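So the structure is just underneath, and the comments pick up after that.
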Amino acid sequence: MKPISIFHGRIGRGIVAAVAMLAAVGTTAACGSTGASSAKSSDLSGTLNILVSSADASDAAFKQVNKAFEAKYPHVTVKFSSVPNDSYPATKASRLSAGTLDIFVLKNFVEVPSYAKDSTSDDTLMAQSGGIVDLTNESFMKHYSASVLKAQAIGGKQYAVPTGLSYSTGIYYNKKIFEQNGLKAPTTWSELQSVMSTLKSKGITPFGIGGKDTWPAGLVMLGSVASEYPTLADKQKLAKNLWTQKVSLTDTKTEGILEKTQTIFNNAQQNFSGAGYDDLPAAFARGDFAMMPDGTWNEPTIDSAIKGAFDFGYIPFPASDNASDNSLLDGKIELQLGIASATKNKDAALKWMEFFSEKSTYTKFAKTAGFSSSQPDVATSSFLKSISQYTQKYEPAWDQVWVANNKAGEDAVYPFNYPALSPLGTKTAKSAAASSESAWSAAF
C-alpha cells in the first residue's frame, strides 16, 4: 500500500478518551485468551464489524475473505467498512466509542522506548491499557514469521494479525539498459557510483525520482539508513543514541546519510522536484532513466506501464561498501488487525482471524492485495519470488523505528533532513545536517 507519509509525525490524542473507556470496559475480555474460539460454525451468529483504511487492492482482498467466511459461517454477517486514510482515525474513534467496531486496523502500532514515551501512539496505549484483545496465545499466530511478530510485539505480547509486508528500500532497474551498456546490478556503493558514472557518460539519466510529492525522495534516505544501519538492533541503537544525545546528526556517519542521498539527487532527472510520483512508472517505461527508488507496492503499476517492453529487476539500495550490509530489503507491516476488547462478538472475531490466517485463505489474500507475505513459505507473485533472497528475514525500515520528538523543530522530524537538500530545498548535505542537529538539540 502506497504510504501517505513514510515517517512518524506528531502523535494525535483524539481518541485518548476512547482508549480509557475501552480499557475499563474491555480489560476482562482481553485476559485469559488461550486459543481461538472453539465454537462450531452452527454456533456462531450475529454481526461482525470490520473497519480498515482504504486501498483498492486490499479492499478487494478483504471482500474475498469475508465472502468465504460467511459461506463457512452462514449465521454471521460481516459488515465491512473501508474509509480513506485521512478520515480513518476519526471514524475509528467514533465507532469505538459507540461500541460498533470489532476488528480494525491499528495505526503507528509500535512499542515506543521509555526515552520517548510521550510519543506513544493511541493504539499502542489502547493495547497497553487492555483495550485490544491479547492474541499472544492464539494458535493462528504461529502461522506468521517470527521476525515479523518480534517487530510488532508490545511488551512481549501480540495484539495484531500482520496482513502483509511492503518493502521500501529498493531500486527498480531497467535490465535492457544495463545489458546494452555492459552493466551489472550494483551490490555496493562503489559499484553504484561506477554504474551512475557509466550511464551519464552514455547520455543516460541514472535515476528518476518523484520529488513533487516529497516523500518518494525520502525513499533514498531510507535506503541509505538501511545500509549504514542494517539490523533492527542497529536502528534502535541509533534512535536511542539520538534521543540521549550520544550521537549528533553532524557526526561523520549520520551526516553521510544525507551526503549519499544528495549524490542520488545529483544523478536524477532534471527538475525532478516537479515530477509527480504517479508519473514515474510511465517515464521508467519510456526509458527516460535507468533506475528508480520505489516500494514493492508499486510493482503492478510499473509492470503495467512497461507492458513487456523490457525486463526489470529490484535490488536493495546499496549504500554501503560492505555488500552484506546491502543484502536485505527493509519495509513495513501492512494493515495490522486488532480486536477491540469491548467487542460484542469475540467468538466470531477470533474465528475470522483464525480463518484469515489459514494458509489457503491468506495466500489468496496476499496475492490479491499485492502484499509480500508475512507468513513463511507462502507462494506469491513471480516478482515477489524474484526478490525472495532479499526478504528472507523481515527488517523494519527506519521510519518504522524512529519516533519523532514533538518538541523538536521541523528540520528534525525525520531526523535526516532530506527535504532541505537541493533541489527539494536549498541546502547542501552539510548545512541540512547542521539544521537538523540545531532543531533536534533545541528539544532537550
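The values are calculated or read from the model by the stated rules, or taken from the named source; none is laboratory data. As the structure is a prediction and not an experimental result, all values here were calculated from the model. Cβ: placed from backbone, ideal geometry, glycine included. Neighbour counts: every protein chain shown.
Brief remarks follow.
- Within the range 422-444, being among the polar types (S, T, N, Q) and more than 25 Å from Asn266 (Cα to Cα) holds for Ser438, Ser441.
- Residue selected from the range 296-333 under the condition out of contact with any Lys or Arg (no Cβ under 7 Å at 6 or more places or on another chain) and of a type in the set (D, E, K, R), by the criterion farthest from Thr169 (Cα to Cα): Lys307
- Residue list for the range 307-330, filter: crowded, with 19+ Cβ neighbours inside 10 Å and over 26 Å from Glu259 (Cα atoms): Phe312
- Single residue of the range 250-261 satisfying the filter (surrounded by fewer than 21 Cβ atoms within 10 Å (Cβ to Cβ) and out of contact with any Lys or Arg (no Cβ under 7 Å at 6 or more places or on another chain)) that is nearest to Pro206 (Cα to Cα): Glu259
- In the range 226-239, the residue that is surrounded by the most Cβ atoms within 10 Å (Cβ to Cβ) out of those that are touching a strand residue (DSSP E or B) at 6+ places or on another chain (Cβ under 8 Å) and more than 15 Å from Val403 (Cα to Cα) is Ala226.
- Unmet requirement for Lys430, which otherwise passes all of (1) at pLDDT 95 or above; (2) not assigned by TED's automatic domain parsing to the domain that holds Thr231: (2)
- Selection within the range 179-220 - among the charged types (D, E, K, R) and closer than 23 Å to Asn417 by Cα: Lys212, Asp213
Condition check ((1) buried (at least 22 other Cβ atoms within 10 Å of the Cβ); (2) within 30 Å of Asp311 (Cα to Cα); (3) in contact (Cβ under 8 Å) with a residue 60 or more places away in the chain; (4) in contact with a strand residue (DSSP E or B) (Cβ under 7 Å, 6 or more places away or on another chain)) across all residues:
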{"residue": "Ser147", "(1), (2), (3), (4)": "no, no, yes, no"}
{"residue": "Gly156", "(1), (2), (3), (4)": "no, no, no, no"}
{"residue": "Tyr159", "(1), (2), (3), (4)": "yes, no, yes, yes"}
{"residue": "Thr163", "(1), (2), (3), (4)": "yes, yes, yes, yes"}
{"residue": "Thr169", "(1), (2), (3), (4)": "yes, yes, yes, yes"}
{"residue": "Lys176", "(1), (2), (3), (4)": "no, yes, yes, no"}
{"residue": "Asn181", "(1), (2), (3), (4)": "no, yes, no, no"}
{"residue": "Thr188", "(1), (2), (3), (4)": "no, yes, yes, no"}
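- Out of Val413, Val401, sole residue that is touching a Lys or Arg at 6+ places or on another chain (Cβ under 8 Å) and at pLDDT below 95: Val401
- Of the helices (runs of 4 or more DSSP H) lying entirely inside the range 331-444, the ones with 1 or more residues being touching a residue at least 12 places away in the same chain (Cβ under 8 Å) and surrounded by fewer than 21 Cβ atoms within 10 Å (Cβ to Cβ) are found at 346-357, 359-369, 382-386, 429-441.
- Any hit, the range 371-386, residues being of a type in the set (Val, Ile, Thr) and under 16 Å from the mean Cα position of the chain (by Cα): no
- Of the helices (runs of 4 or more DSSP H) lying entirely inside the range 109-199, the ones with 3 or more residues being more than 18 Å from the chain's Cα centre (by Cα), assigned by TED's automatic domain parsing to the domain that holds Gly218 and of a type outside the set (S, T, N, Q) are found at 175-180.
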